[in-house]
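First comes the structure, then the notes that go with it.
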Amino acid sequence: MQAHRPVVIGVTGGSGSGKTTVSQEIYTHLAGESVLMIQQDAYYKNQDDLTMEQRRQVNYDHPAAFDMELLASNIAKLVERQAVEEPIYDYVKSTRNQATKHVEPADVIIVEGVLLFVDPVLRDLLDIKIFVDTDDDLRFIRRLQRDIEQRGRSVESVINQYLASVKPMYHQFVEPTKRYADVILPEGGQNKVGINMLEAQIREILTHEHRKD
């Protein structure tokens, strides 16, 4: 008996929108199902050929910072029920680790990332596209808290980066992709009703696929 096609769910939104929380909530709600999560941040390009100073100058909020081709290729293989080797990104060195993470296919594939809907090849692999829509000021506050507490950044450096690249890249590349979304989810992980509805829809798709088997 041939295995049914996995359901691929894409979750995007600006930095600090709550897209990671939404992805984790969906993952948790689907307990008991065969489910895996992929983060686009793991697919930042390898930068071994750049000096540390050059790596600091890279605009990590621009689509060119990501290896979209590898991400799309790996998702396509997972859809075909093939295992893949996922990159591991070293945020301290701003390049990839030499090691990789072995990822086995699953019935539900949740893909999360800030620039997920930009690439048409990648976008077409997503069965359900979710845009987490959160006000700019709230997203900035969340990013400020995260970068200070988790990444040891100074307030000044976070503000400078936000004004120089995060905000303009959001309005240039991320917000326009809202038109591709099947679901626009306000308030991020706080929107329990929306997440429960998504869970019900995903389970309905899975049930339908199992019936076809």
Check your understanding: Does any residue in the range 45-58 that is in contact (Cβ under 8 Å) with a residue 12 or more places away in the chain and among the β-branched types (Val, Ile, Thr) come within less than 7 Å, Cβ to Cβ, of a residue that is in a loop (DSSP other than H, G, I, E, B) and surrounded by 10 or more Cβ atoms within 10 Å (Cβ to Cβ) six or more places away or on a different chain, and which pairs are these?
Key -> none
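Condition first: open to solvent by less than 70 Å² (accessible area, probe 1.4 Å) and either in contact with an Asp or Glu (Cβ under 6 Å, 6 or more places away or on another chain) or not polar (S, T, N, Q) (or both). Now tell me which residues in the range 154-174 satisfy that. First the steps, then the outcome.
Keep residues of the range 154-174 that are open to solvent by less than 70 Å² (accessible area, probe 1.4 Å), which gives 154, 157-159, 161-162, 165-166, 168-170, 173-174.
Across the range 154-174, the qualifying residues are VAL158, ILE159, TYR162, SER165, VAL166, PRO168, MET169, TYR170, PHE173, VAL174.
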Exercise for review: Specify which of the listed residues (VAL118, VAL132) is within 19 Å of the chain's Cα centre (by Cα), part of a loop (DSSP other than H, G, I, E, B) and under 28 Å from VAL8 (Cα atoms).
Suggested key: VAL118
Practice item. Give the residues of the range 176-189 that are surrounded by 15 or more Cβ atoms within 10 Å (Cβ to Cβ) and modelled with pLDDT under 95, sorted by residue number. Key: VAL183, LEU185, GLU187, GLY188, GLY189
Check your understanding: Say we look at the range 61-85 and pick out the residues that are in contact (Cβ under 8 Å) with a residue 60 or more places away in the chain, of a type outside the set (Val, Ile, Thr) and over 30 Å from SER165 (Cα atoms); which of these is most open to solvent (accessible area, probe 1.4 Å)?
Key -> ARG81
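Table: residues versus (1) in a strand (DSSP E or B); (2) at positive phi; (3) over 14 Å from the mean Cα position of the chain (by Cα).
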site	(1), (2), (3)
ARG5	no, no, yes
GLY16	no, yes, no
VAL22	no, no, no
ASP48	no, no, yes
ARG55	no, no, yes
ASP61	no, no, no
ALA64	no, no, yes
LYS77	no, no, yes
GLN98	yes, no, yes
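The values are calculated or read from the model by the stated rules, or taken from the named source; none is laboratory data. This one's a predicted model, so the numbers in the text were calculated from it and none came from an experiment. Note: ideal-geometry Cβ built from the backbone for every residue, glycine included; neighbour counts use all protein chains shown. Quick note on the areas: whole protein, heavy atoms, side chains included, nothing else; ligands and nucleic acids left out. Shrake-Rupley method; radii C 1.70, N 1.55, O 1.52, S 1.80 Å.
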